[in-house]
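The values are calculated or read from the model by the stated rules, or taken from the named source; none is laboratory data. Computed from a predicted model, the values in this text were never measured in an experiment. Note that we place each Cβ from the backbone using ideal geometry, even for glycine, and neighbour counts take in every protein chain shown. Just so you know, the surface numbers come from the protein's heavy atoms only, side chains and all, with ligands and any DNA or RNA stripped out. Shrake-Rupley method; radii C 1.70, N 1.55, O 1.52, S 1.80 Å.
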Amino acid sequence: MNRIVTCFAAFLLAGSASAEDGYDLWLRYRAVEAATYPELRARVRQLVVPAWTPTLGAAADELQKGLSGLAGIDVPVGDAVATSGAIIFGTPRSSPLIAGAALGLERAGPEGYVIRSVSIAGRSVTIIAANSETGVLYGAFHFLRLVQTRASLDSLDIVSHPRTQIRVLNHWDNLDRHVERGYAGQSIWDWHKLPGWVDTRYTDYARACASVGINGTVLTNVNANATSLTPAYLEKAAAIAQVLRPYGVRVYLTARFSAPIELGGLATADPLDPAVRAWWKAKVDEIYRHIPDFGGFLVKANSEGQPGPQDYRRNHADGANMLAEALKPHRGVVMWRAFVYSNETPTDRAKQAYDEFVPLDGRFADNVIVQVKNGAIDFQPREPFHPLFGAMPKTPLMMEVQITKEYLGFATHLAYLGTMWRETLSADTLVKGKGSTVARVIDGELHGYRMTGMAGVANIGTDRNWSGSHFDQANWFAFGRLAWNPEESAQAIAEDWTRMTFANDPAFVSPVVAMMMGSREAVVNYMMPLGLAHLFDTGHHYGPGPWVNDLDRADWNPTYYHRADARGVGFDRGPKGSAATAQYAPAAGRIFADRDKVPEQFLLWFHHLPWDYKTRSGRPLWDELVWRYSHGVDVVRQMRAQWQALAPFVDAERFAQTAAFLAIQEQEARWWRDACIAYFQSVNGLPLPAGFAPPANSLDYYKALRFPYAPGRG
Ligand code: GCW
């Protein structure tokens, strides 16, 4: 009997597709079992290609490869409709058929598309049309997604257009290929061999970006190196740009503010100095000679040691506007980061960006957009929305999120971030009454912004699976989808990704999506529940270090953030504390400042409370904290068991890596729980509530752990 069971299990495993390394991402075009999706073959019988321009050619190639793979037949290509089931794609300019059809293309805008089932001369066909060729490419990917997720292909009437204009990845990639906060190998940009060797990966990168609507990429780290602006490196960047161009992905670079000194030999980088302005103008003109559609600059200035205009007693607007002036004739933009804080400033770190930027509202040039992190501190597992959202009506703000999981367990922890980003996007700033969500700030609707955008710090590297883990691919995917539509549901995105990346069987899809949807909350619980933040160990941010209190800068110490002592824990940001709540619209600030009204997930972010404070579960704060830490670990254990049960649906290679990573995650979740409980207990001297296991090791044990070679260091 046992043997029969074993054989059956082996059969299931073998039957679940051969090993895959994840390189194909969600663009996996494996043949569909015809019987389960009979309409497919009827709907993909011919591709009508309008013209072989680089972008339309890319769309044609993708459709041909994708549909042939999925349908398990060679889909023929032609230039006229020969059959029912033909797919016609193009722009009104490239395709007379599309020009002649009443498709309502005005609804698609410059980058959107329309997908319609129509009848032409008695033949029922599918049209994918857009006003621009890039729009057509986006539509082609959408159509493939329909097939990959087994959606109905009949009576299609889809209109989609992006709600933000600049949808960019930020690569924190250094020229030596080290990726700051990267956990997926080295940088994919092989600068040393460029431009002579152009890796085919760049094409696959561009395909993946375009498939989710990402239309730009900042190739270099915000902790910038002026060398990237030298002629040799511009030639290299131009070679990358050439590969990305057909896919509608524009190249941007980071601008080191002191480049006029470092490269130009000037004595100053003062943004009001005419020689400095002339240097940047000439540099920008030179960049456009290499990259005619260069997107512009991303700048981190006067933050964490980076040079900036304040070195010359100028402000952020002076700095940004100087670069904007140089870019303006070429239609380039400046993305100026608001991630600024200073140890010398005695106020709460969470308040500093607001304090510096709000007085500059309306003073930025019209091709500047200010890039604001989702929360006021730094990509923590959970932060309330950044108070700048809603506070700068006259300055376009874009939102920056971190796709790479610096603070959510690196590559090994399964944490789907669609839920986290939706949490911020759907947060209500209340600045113009109810419904003034962050999504409506960044899509420009609330304040009528002239520019809009969303940036994601990439989690991409040379690992075969691109992102360091199979499930981390979902975060790249979700970023693109949310930049396109900040109101899309995280669950729907997770479901698409799961179907496209793994399998369509509901017995697989629904548990996996459930796992993803709960995963980030589990991380919050085992790392820093109830609004705690920044309990990470120094520098590498791998693992817990709530005890750390000896760093040069006060605002780098975890003790600065949690403020635990014998009586209580948490950061008082209400009117009697740092008054950070006053930076929000009064209605929102009042909620945050009221310990009875603040969402409990932000309790200790905004309040310092006694250990016996009664939380909403009825448990005293200390017990609640222990309960949450333990619950986080429990959820990971359940995820592990859940995954084991899904073996029959996944190829052996991806199954095994995910299983191994979940085991690491469980181990590390325990480590987080135990180390944090041991530390807080050493501060408050309280016993553990009944029924909870004590930490496996002593506090000293956790304190002594060292990780000098943890990846991704800054
Ligand atoms: O999250 C922090 C990281 C730094 C990073 C910085 C930033 C690029 O620890 O590595 O520097 O944020 O966003 O500038």
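For the range 94-137, residues that are closer than 13 Å to Leu56 by Cβ and either modelled with pLDDT under 95 or more than 27 Å from the chain's Cα centre (by Cα) (or both) total 5.
Against the definition (within 16 Å of the ligand (Cβ to nearest atom), of a type in the set (Asp, Glu) and within 26 Å of Gln380 (Cβ to Cβ)), how does Glu356 come out, yes or no?
Numbers: within 16 Å of the ligand (Cβ to nearest atom): yes; of a type in the set (Asp, Glu): yes; within 26 Å of Gln380 (Cβ to Cβ): yes.
Answer is yes for this residue.
Are any residues in the range 50-105 without any contact (Cβ under 8 Å) to a residue 40 or more places away in the chain and of a type in the set (D, E, K, R), and if so, which ones? Result: Asp61, Lys65, Asp74, Asp79, Arg93.
For Asp700, the conditions (1) surrounded by fewer than 13 Cβ atoms within 10 Å (Cβ to Cβ); (2) of a type in the set (D, E, K, R); (3) in contact (Cβ under 8 Å) with a residue 40 or more places away in the chain are fulfilled apart from (3). Screening Asp651 on (1) open to solvent by 50 Å² or more (accessible area, probe 1.4 Å); (2) in contact with an Asp or Glu (Cβ under 7 Å, 6 or more places away or on another chain) shows it passes everything except condition (1).
For the range 359-377, the candidate set comprises residues that are in contact (Cβ under 8 Å) with a residue 60 or more places away in the chain and open to solvent by 10 Å² or more (accessible area, probe 1.4 Å); within that set, the residue that is farthest from the ligand (Cβ to nearest atom) is Asp366.
Considering every residue within the range 260-270, establish whether at least one is among the polar types (S, T, N, Q), within 16 Å of the ligand (Cβ to nearest atom) and either assigned to a loop (DSSP other than H, G, I, E, B) or under 22 Å from the mean Cα position of the chain (by Cα) (or both). Checking the range 260-270: not a single residue is among the polar types (S, T, N, Q), within 16 Å of the ligand (Cβ to nearest atom) and either assigned to a loop (DSSP other than H, G, I, E, B) or under 22 Å from the mean Cα position of the chain (by Cα) (or both).
Checked against (1) surrounded by 19 or more Cβ atoms within 10 Å (Cβ to Cβ); (2) within 30 Å of Leu532 (Cβ to Cβ); (3) within 16 Å of the ligand (Cβ to nearest atom), Asp348 passes all but condition (3).
Restricting attention to the range 683-714 and to residues that are part of a loop (DSSP other than H, G, I, E, B) and hydroxyl-bearing (Ser, Thr, Tyr), the residue that is nearest to the chain's Cα centre (by Cα) turns out to be Tyr709. The one condition from (1) more than 18 Å from Phe385 (Cα to Cα); (2) open to solvent by 50 Å² or more (accessible area, probe 1.4 Å); (3) out of contact with any Asp or Glu (no Cβ under 6 Å at 6 or more places or on another chain); (4) free of Cβ contacts under 8 Å to residues at least 60 places away in the same chain that Leu609 does not meet is (2).
What are the residues in the range 223-240 that are more than 17 Å from Glu180 (Cβ to Cβ), surrounded by 23 or more Cβ atoms within 10 Å (Cβ to Cβ) and small (Gly, Ala, Ser), if any?
We begin by selecting, within the range 223-240, every residue more than 17 Å from Glu180 (Cβ to Cβ); these are 229-240.
Of the ones still in play, those that are also surrounded by 23 or more Cβ atoms within 10 Å (Cβ to Cβ) are 229, 236-237, 240.
Listed by number, the list holds a single entry, Ala237.
Here are some conditions: (1) touching a Ser or Thr at 6+ places or on another chain (Cβ under 6 Å); (2) among the hydrophobic types (A, V, I, L, M, F, W, C); (3) open to solvent by 10 Å² or more (accessible area, probe 1.4 Å). Leu253 meets all but one. Which one does it not meet? Unmet for Leu253, out of (1) touching a Ser or Thr at 6+ places or on another chain (Cβ under 6 Å); (2) among the hydrophobic types (A, V, I, L, M, F, W, C); (3) open to solvent by 10 Å² or more (accessible area, probe 1.4 Å): (3). Quick one: would you say Lys394 is open to solvent by 10 Å² or more (accessible area, probe 1.4 Å), away from the ligand (no atom under 16 Å from the Cβ), closer than 22 Å to Ala588 by Cα and touching a Gly at 6+ places or on another chain (Cβ under 9 Å)? Answer is yes for this residue.
For the range 276-309, what are the residues that are open to solvent by 40 Å² or more (accessible area, probe 1.4 Å) and within 16 Å of the ligand (Cβ to nearest atom)? Answer for the range 276-309, where residues must be open to solvent by 40 Å² or more (accessible area, probe 1.4 Å) and within 16 Å of the ligand (Cβ to nearest atom): Glu304, Gly305.
State whether one or more residues within the range 322-340 are surrounded by fewer than 22 Cβ atoms within 10 Å (Cβ to Cβ), under 26 Å from the mean Cα position of the chain (by Cα) and within 14 Å of the ligand (Cβ to nearest atom). Yes: one or more hits.
Residue count for the range 192-224, restricted to those that are farther than 22 Å from Gly22 by Cα, in a loop (DSSP other than H, G, I, E, B) and within 20 Å of the chain's Cα centre (by Cα): 6.
Select, from Ala582, Ala641, the only residue that is among the small types (Gly, Ala, Ser), open to solvent by 50 Å² or more (accessible area, probe 1.4 Å) and in contact with a Gly (Cβ under 8 Å, 6 or more places away or on another chain).
On the way: Ala641 fails: in contact with a Gly (Cβ under 8 Å, 6 or more places away or on another chain).
Testing whether each residue is among the small types (Gly, Ala, Ser), open to solvent by 50 Å² or more (accessible area, probe 1.4 Å) and in contact with a Gly (Cβ under 8 Å, 6 or more places away or on another chain) leaves just Ala582.
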